[in-house]
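Before any comments, here is the structure.
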Amino acid sequence: MSSPHAAPRPGALSARRLLSPGLLFALPFLVLLAVFMLWPLGQGLWMSLTDTSLSAHAPSFIGLDNFTEALGDAEMWRALGHTVWFTALSTVPLVAVALGMALLVHTGLPGQWVWRLAFFAPYLLPVGVVSLLWIWLYQPDLGLYNNLLDAVGLGQVAWLSDESVAMSAIALTTLWWTVGFNFLLYLAALQSIPDHLYEAAAIDGAGAWRRLWSITLPQLSRITVVITVLQILASLKVFDQVYLITKGGPNNSTRPVVEYVYDVGFTGYRLGYASAISYIFFALVILASAAQYAALRRREK
Amino acid sequence: MTSTDLPVRSAPSPAPHVPGSVRALADRRRAPRPRAHLTLGDGRTARVLALAALAVMALVWLLPMAWALLTAFKSEQDASDPVHWFLPSHGFTLRGFSSVWERGDLPLWMLNSFLISAAVTVITVLVSAMAGYAFSRTLFAGRRWLFALTVAAVLVPPQILIVPWFQQMLSLGLLDTYAAVILPQTVAPVMVFILKKHFDSLPHELEEAARIDGAGHWRIFWSVLLPLSRPMLAAVSIFVFIGAWNNFLWPFISTSDPALMTLPVGITSVKDAYGIQYAQSMASAVLAALPLVVVFMFFQRHIVKSVSTTGLGGQ
Amino acid sequence: MTGMPVPVGRPGLTRRRALTAALASGAAVLGGGALSGCGSAVAAGEPAVRLWDLFSGADGGLLNDMVHAARPDMRGTRIERTVLEWGTPYYTKLAMASAGGRGPDMAVAHMSRLAGYAPTGLLDPWDLDVLAEYGVTRDDFADAVWSRTQSEGRTYAIPLDTHPFIVFFHPEPAADAGLLAKDGTLDAEAFSSPDRFLAAGRELAKASGKQGIAFGYVTDTAQGWRLFYGLYRQTGGAFRLPAGGPAEVDEDRMAEVIAFMARLVDGRVNPKRLDYAAAIAAFANRQTAMILSGEWELGTFRAADKNVQAAPFPTVFGTPAVYADAHSFVLPHRPDPDRAQRRRTHQAAAALLKAGQIWATAGHIPAYRPVTRTKAYERLRPQAHYVQAQSHVVLDPAVWFAGAGSDFQNAMSQVLQQALLDGLAPDRAARAMVRRLNTFLSKPSPA
């Protein structure tokens, strides 16, 4: 796979080899990686062992105190719970609705351009726009949805101020905003299903439903797993839309763990404690990744 | 890291450890063909039903944007009229747009967003392509180890780095500068991974020929491999650009000077001295949404391809 | 003044110039603070003092008027406003900007937040000598207000106003209920104990034909605490918060106050489940004859009833005390401040204080007393009726975690809401509040 030209001379660990062209090519990336990822990772770990503050005082080493405090911090657990809850609440519709959209569009019905625009365009909106728009849509009295509910005789919903509804409202906004991404992934997968499978089914006299269940869906099972995995990892990192739409409220009932890091670190000045929580969150992400990796591996076999 | 890793928004981000070969499939993607007879059969009812379902869904999805447009063209008075909530009783007006534009900050934020996203894209794609080339085509001490490190780095969510990044920029005295916003976004291990895979898939014959002509690594990279990779580079660039354009968390943390803010940060942080003005709010949302949506209308195929190629993180 | 989401942006005045400059230097993308220094670098002609504030709506418009009115007092300098979202986000951004050393020249901050700012090195002290040159001295402010501007012997805030929590009422039903003194002011005697207060509410309900007293607190992040803390301080109960804890408070008195608040929002004489906006609407639409509210809603109420009246919050529990907060000007920290720019900033603060008469029209009590001593101010109704609230103001406890838009106020308000809305017993609510207080106290101070 490498060109013979660059083959190393056995055993020769010369300066020339250390500064080989390959390393020079990789160097800019490696420097960025070291300065803006590895170093901050180390610094974050160090900060989590100190009481570093946004204010001017000098930090001092406090061992694992931040971690002990975090494990007993009910608000942190609550925020972690919200993150997991949001992930559960958003992943299923984000995969299912995307699949539904892709199946319908893939039928080749007229208006392809319009369908793709309708479903994917929201994804291109900056989150600032999405949040302004949905705050307006969810307004009591003036907002579109409450007016529509009124018009069909259902009562208004306190979308963003009722603790039992707010998280669902956020999930709904997220569905509208990002489903187009999964939709495109599904569409690409659908277009790669070979025609001859369908043609064979048609010869066998299979109806539309049969073709869906026995050809299309089985062919999509693999991409479905991949999309679900990516979606779970993405949903776990939620912050933007929650922060911009509800600020984590009402009564912190939608605050995800990333916002808790922000609140503790920047609003509460406790950068050290925020770093510790960041690492606990990191552990959760790694755990989720590992679990999914294991699941995928088992599937592959 | 990050620009590419759109995770701040909850959409899937690329991850290389996921098996599958959709990228290859996507490359084979042809222009959409009418496949109705294949999936739906020839029944008329099925077609009509499917079309109706599609139309309803598209309507539901377009409704919020239509509502924003409608509000943006109302007067403030009509926008906050709970009785005539749908159509304005005093007709449509452009005043919302003109007052937003006259304030002058929206164009500034657009410019900031554009400069920052462009810089992130150029740096990320160039640096990642070079690293991808190094990992794919050369041998050097520690190559395997460094590549493994790169793959592992994909797992690090940028969200956990905001605190140390902030501290880092603080000690470098770079907070509230373009450099602080741009640099951390340029570390994109996923892109290195994707481009390495891509270079692996290119045939060696052409560079062999170039090498015989005495070309060095740089010339092979620049004049042979990159031109061969144009579609891939375009896909990756579009993906990185969209990610940077829409990135919120880090620009939000690293800037507090309104003159430096990007679009998503500016329109949500800086307020109007005259209070809630829904028509103006929607007018600024519409203006802020416009650039990418218009670009999408013109380059739909490229963007769709970019997402399906890059979105799975090179499988 | 409430933490309502307010979309849309408004920047300072040099944005277009900055845009031009940015286009010109578009290539220098990585050029560090190419634009960041635009406040001083770009505005070549007239130097600008960059001011951050959190005033939107009516207050925002008035501050624009003040900036305009202050111009003759500060020739050669402009004030460039940036309005940021009220509440926690504002204070977070201010702290981050100050830490970065590239913050605005001057910012508006609540004095109740000072304890979390001044000792942390995020603010720089004001130079009283320079201020005196521009005609502002310590004697121009009430003692109760001035004392809160100090930290470690230095002055970190210049008060702009006091904004107390007061009562508004429609004069007709109040007169019919026999609650007005001869001169048309509220008869404070009729509200001087919990029972009398509730009886007055019944009279008001009778006279209005609807309900008596509105108080909006449901899901609000501060209202419950504002009412509670003012009343609690009237009981004379201790409220000492030593660093590390535990809090030294009088739980019985707290329970007494909570019980009174719960009886007040009984759902019959007075509405029970109002949120902030609903309470404003209820009073403005004359569904109630009185409302317990911040004076900053004066403009809203006057639009609905041009004769609307107001009074300092009555002394219900014996000791006069009125819950309030104060807006003030602060100097975000700069590692090496430019002397001339600092001087201009002092000049701008002084000029804005002197334009305080405009600020008073919103209902705020200007902190700069030369303004409230004028004839023009005495003629302001109902402002002049509650100006004496200033002498008994009680701000949030001076601890780093308290103050406007703080998590602390929110936490206290949540417990109070449970007592008022969901029937949590007053003594248990008081204990719950103390528990949460102790949690806050156990956290290390950033100072």
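Please tell me if A:Tyr186 is in contact with a Lys or Arg (Cβ under 9 Å, 6 or more places away or on another chain) and over 30 Å from C:Asp220 (Cβ atoms). Spell out the reasoning first.
Numbers: in contact with a Lys or Arg (Cβ under 9 Å, 6 or more places away or on another chain): no; over 30 Å from C:Asp220 (Cβ atoms): yes.
Judged against the criteria, A:Tyr186 is not a match.
Checking A:Val130 against (1) within 18 Å of the chain's Cα centre (by Cα); (2) surrounded by fewer than 24 Cβ atoms within 10 Å (Cβ to Cβ); (3) not hydroxyl-bearing (Ser, Thr, Tyr), which test does it fail?
Going through (1) within 18 Å of the chain's Cα centre (by Cα); (2) surrounded by fewer than 24 Cβ atoms within 10 Å (Cβ to Cβ); (3) not hydroxyl-bearing (Ser, Thr, Tyr) one by one, A:Val130 breaks only (2).
Name, by its number, the condition in (1) more than 12 Å from chain A (Cβ to nearest Cβ); (2) modelled with pLDDT under 85 that does not hold for B:Phe73.
Of everything listed in (1) more than 12 Å from chain A (Cβ to nearest Cβ); (2) modelled with pLDDT under 85, B:Phe73 misses just condition (2).
Looking at A:Val179, A:Val226, which one is within 7 Å of chain B (Cβ to nearest Cβ), of a type in the set (Val, Ile, Thr) and either within 24 Å of B:Gln300 (Cβ to Cβ) or surrounded by fewer than 23 Cβ atoms within 10 Å (Cβ to Cβ) (or both)?
Numbers: A:Val179 fails: within 7 Å of chain B (Cβ to nearest Cβ).
Being within 7 Å of chain B (Cβ to nearest Cβ), of a type in the set (Val, Ile, Thr) and either within 24 Å of B:Gln300 (Cβ to Cβ) or surrounded by fewer than 23 Cβ atoms within 10 Å (Cβ to Cβ) (or both) holds for just one of A:Val179, A:Val226, which is A:Val226.
Residues checked against (1) in contact (Cβ under 8 Å) with a residue 60 or more places away in the chain; (2) in contact with a helix residue (DSSP H, G or I) (Cβ under 6 Å, 6 or more places away or on another chain); (3) not small (Gly, Ala, Ser):
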| site | (1), (2), (3) |
| --- | --- |
| A:Ala201 | no, yes, no |
| A:Leu212 | yes, no, yes |
| A:Thr224 | yes, no, yes |
| A:Val229 | yes, yes, yes |
| A:Leu236 | yes, yes, yes |
| A:Phe239 | no, yes, yes |
| A:Leu271 | yes, yes, yes |
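Among helices (runs of 4 or more DSSP H) lying entirely in segment C:106-185, which contain 3 or more residues that are in contact (Cβ under 8 Å) with a residue 24 or more places away in the chain and outside the structural domain of C:Leu227 (by TED's automatic domain parsing)?
Numbers: elements: C:128-133, C:143-146, C:171-176.
By residue number, C:128-133.
Inspect all residues belonging to segment B:85-94 and state whether any of them is more than 8 Å from every other protein chain (Cβ to nearest Cβ) and in a helix (DSSP H, G or I).
The first filter runs over segment B:85-94 and keeps only residues more than 8 Å from every other protein chain (Cβ to nearest Cβ), leaving B:87-94.
Checking which are in a helix (DSSP H, G or I) leaves us with none.
No, segment B:85-94 contains no residue that is more than 8 Å from every other protein chain (Cβ to nearest Cβ) and in a helix (DSSP H, G or I).
Testing A:Ala70 on (1) assigned to a helix (DSSP H, G or I); (2) within 30 Å of B:Ala279 (Cβ to Cβ), one condition comes back false. Which one is that?
(2)
Can you pull out every residue in segment C:361-394 that is in a helix (DSSP H, G or I) and in contact (Cβ under 8 Å) with a residue 60 or more places away in the chain? If you could, list the steps in order and put the result at the bottom.
Step one: list which residues in segment C:361-394 are in a helix (DSSP H, G or I), which gives C:369-372, C:375-378, C:383-392.
Residues satisfying the conditions are C:Arg369, C:Pro370, C:Gln383, C:His385, C:Tyr386, C:Gln388, C:Ala389, C:Gln390, C:Ser391, C:His392.
When you check A:Thr216 against the structure, is it of a type in the set (S, T, N, Q), modelled with pLDDT under 90 and part of a helix (DSSP H, G or I), yes or no? It would help to see each step written out before you state the result.
Values: of a type in the set (S, T, N, Q): yes; modelled with pLDDT under 90: yes; part of a helix (DSSP H, G or I): yes.
Yes, satisfied.
Which of the residues belonging to segment C:395-409 are modelled with pLDDT of 90 or more and in a helix (DSSP H, G or I)?
Matches in segment C:395-409: C:Phe408, C:Gln409.
Can you run down the residue pairs with Cβ atoms below 7 Å, 6 or more apart or on separate chains, where the first is in segment C:196-225 and under 28 Å from C:Asp396 (Cβ atoms) and assigned by TED's automatic domain parsing to the domain that holds C:Trp296 and the partner is polar (S, T, N, Q) and part of a strand (DSSP E or B)?
Every condition considered, the pairs that remain are C:Ile213/C:Thr288; C:Ala214/C:Thr288.
Inside segment B:197-315, counting only helices (runs of 4 or more DSSP H) that do not spill past its ends, which hold 1 or more residues that are within 14 Å of chain C (Cβ to nearest Cβ), aliphatic (A, V, I, L, M) and buried (at least 21 other Cβ atoms within 10 Å of the Cβ)?
Values: elements: B:205-212, B:230-246, B:249-254, B:263-269, B:278-298, B:300-310.
Output list reads B:230-246, B:249-254, B:263-269, B:278-298.
This table checks each residue for (1) hydroxyl-bearing (Ser, Thr, Tyr); (2) away from chain A (no Cβ under 14 Å); (3) surrounded by fewer than 24 Cβ atoms within 10 Å (Cβ to Cβ); (4) within 21 Å of the chain's Cα centre (by Cα).
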| position | (1), (2), (3), (4) |
| --- | --- |
| C:His68 | no, yes, yes, no |
| C:Gly76 | no, yes, yes, no |
| C:Trp86 | no, no, yes, yes |
| C:Leu94 | no, no, no, yes |
| C:Gly101 | no, no, yes, no |
| C:Ala109 | no, yes, no, yes |
| C:Arg113 | no, no, no, yes |
| C:Tyr117 | yes, no, no, yes |
| C:Asp124 | no, no, yes, no |
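Taking A:Ala96 as meeting all but one of (1) at pLDDT 95 or above; (2) more than 30 Å from A:Ala288 (Cα to Cα); (3) not β-branched (Val, Ile, Thr), write down the number of the exception.
Of everything listed in (1) at pLDDT 95 or above; (2) more than 30 Å from A:Ala288 (Cα to Cα); (3) not β-branched (Val, Ile, Thr), A:Ala96 misses just condition (2).
Could you list all residues from segment C:419-447 that are in a loop (DSSP other than H, G, I, E, B) and surrounded by 16 or more Cβ atoms within 10 Å (Cβ to Cβ)? Outline the logic, then answer.
So the first thing to find is which residues in segment C:419-447 are in a loop (DSSP other than H, G, I, E, B), and the list is C:422-425, C:443-447.
Across segment C:419-447, the qualifying residues are C:Leu424, C:Lys443, C:Pro444, C:Ser445, C:Pro446, C:Ala447.
Go through segment C:198-234 residue by residue and tally those that are in contact with a Phe, Trp or Tyr (Cβ under 6 Å, 6 or more places away or on another chain) and surrounded by fewer than 19 Cβ atoms within 10 Å (Cβ to Cβ).
0
Just the residues that are aromatic (Phe, Trp, Tyr) and in contact with a strand residue (DSSP E or B) (Cβ under 7 Å, 6 or more places away or on another chain), please, taken from segment C:259-295. Spell out how you get there, then give the answer.
Kept after step one, since they are aromatic (Phe, Trp, Tyr), are these residues of segment C:259-295: C:260, C:276, C:283.
Within segment C:259-295, C:Phe283 is the sole residue that qualifies.
Restricting to segment B:100-120, name every residue that is among the polar types (S, T, N, Q) and more than 9 Å from chain C (Cβ to nearest Cβ). Reasoning before the result, please.
Filtering segment B:100-120 down to residues among the polar types (S, T, N, Q) leaves B:112-113, B:117.
Within segment B:100-120, B:Ser113, B:Ser117 qualify.
Considering only segment A:133-164, state which residues are of a type in the set (Ser, Thr, Tyr), within 25 Å of B:Val286 (Cβ to Cβ) and part of a helix (DSSP H, G or I). Quick ask: steps written out before the conclusion?
Quick first cut of segment A:133-164, residues of a type in the set (Ser, Thr, Tyr) only: A:138, A:145, A:161, A:164.
After this cut, where a residue has to be within 25 Å of B:Val286 (Cβ to Cβ) as well, the list is A:138, A:145.
Once the filter is applied, which keeps residues that are of a type in the set (Ser, Thr, Tyr), within 25 Å of B:Val286 (Cβ to Cβ) and part of a helix (DSSP H, G or I), segment A:133-164 yields only A:Tyr145.
May I ask you to verify whether A:Val261 is within 14 Å of chain C (Cβ to nearest Cβ), hydrophobic (A, V, I, L, M, F, W, C) and closer than 29 Å to A:Val130 by Cβ?
Values: within 14 Å of chain C (Cβ to nearest Cβ): yes; hydrophobic (A, V, I, L, M, F, W, C): yes; closer than 29 Å to A:Val130 by Cβ: yes.
Against the criterion (within 14 Å of chain C (Cβ to nearest Cβ), hydrophobic (A, V, I, L, M, F, W, C) and closer than 29 Å to A:Val130 by Cβ), A:Val261 qualifies.
May I ask you to list the residues in segment A:99-132 that are more than 7 Å from every other protein chain (Cβ to nearest Cβ) and not in a helix (DSSP H, G or I)?
Of everything in segment A:99-132, those that are more than 7 Å from every other protein chain (Cβ to nearest Cβ) and not in a helix (DSSP H, G or I) turn out to be A:Pro110, A:Gly111.
Table: residues versus (1) within 30 Å of A:Asn182 (Cβ to Cβ); (2) modelled with pLDDT of 95 or more; (3) crowded, with 20+ Cβ neighbours inside 10 Å.
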{"residue": "A:Met1", "(1), (2), (3)": "no, no, no"}
{"residue": "A:Ser14", "(1), (2), (3)": "no, no, no"}
{"residue": "A:Leu38", "(1), (2), (3)": "no, yes, no"}
{"residue": "A:Gly42", "(1), (2), (3)": "no, yes, no"}
{"residue": "A:Ala102", "(1), (2), (3)": "yes, no, yes"}
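Output the helices (runs of 4 or more DSSP H) that fall wholly within segment C:212-315 and possess 2 or more residues being modelled with pLDDT under 90 and more than 26 Å from A:Asn251 (Cα to Cα), or say none. Walk me through how you get there before you give the answer.
On the way: elements: C:223-234, C:251-264, C:276-284, C:298-304.
Where helices (runs of 4 or more DSSP H) fall fully within segment C:212-315 and carry at least 2 residues being modelled with pLDDT under 90 and more than 26 Å from A:Asn251 (Cα to Cα), they are C:298-304.
Is segment A:54-61 home to any residue that is farther than 26 Å from C:Arg436 by Cα and touching a residue at least 24 places away in the same chain (Cβ under 8 Å)?
First pass over segment A:54-61, keeping only residues farther than 26 Å from C:Arg436 by Cα: A:56-61.
Subsequent filtering for residues that are touching a residue at least 24 places away in the same chain (Cβ under 8 Å) retains A:59.
Looking through segment A:54-61, at least one residue is farther than 26 Å from C:Arg436 by Cα and touching a residue at least 24 places away in the same chain (Cβ under 8 Å).
Return the residue satisfying two criteria in turn: it lies in segment B:129-148 and is small (Gly, Ala, Ser) and within 7 Å of chain A (Cβ to nearest Cβ), and of such residues it is nearest to the chain's Cα centre (by Cα). Walk me through how you get there before you give the answer.
Initial filter on segment B:129-148 (small (Gly, Ala, Ser)): B:129, B:131-132, B:134, B:136, B:141-142, B:148.
Then drop every residue that is not within 7 Å of chain A (Cβ to nearest Cβ), which leaves B:131, B:134, B:141.
Values: B:Ala131: 21, B:Ala134: 26, B:Ala141: 35 Å.
Only one residue tops the list, namely B:Ala131.
Scan segment C:249-270 residue by residue and report those that are within 27 Å of C:Asn307 (Cα to Cα) and within 25 Å of the chain's Cα centre (by Cα).
C:Leu264, C:Val265, listed by residue number.
Mind checking which residues of segment C:288-317 are buried (at least 17 other Cβ atoms within 10 Å of the Cβ) and more than 23 Å from C:Asp161 (Cβ to Cβ)?
Across segment C:288-317, the qualifying residues are C:Thr288, C:Ala289, C:Met290, C:Asp305, C:Val316, C:Phe317.
The values are calculated or read from the model by the stated rules, or taken from the named source; none is laboratory data. This structure is a prediction, so every number in the text was calculated from the model and none was measured. For neighbour counting, all protein chains shown are included, and Cβ atoms are generated from backbone atoms with ideal geometry for every residue, glycine included.
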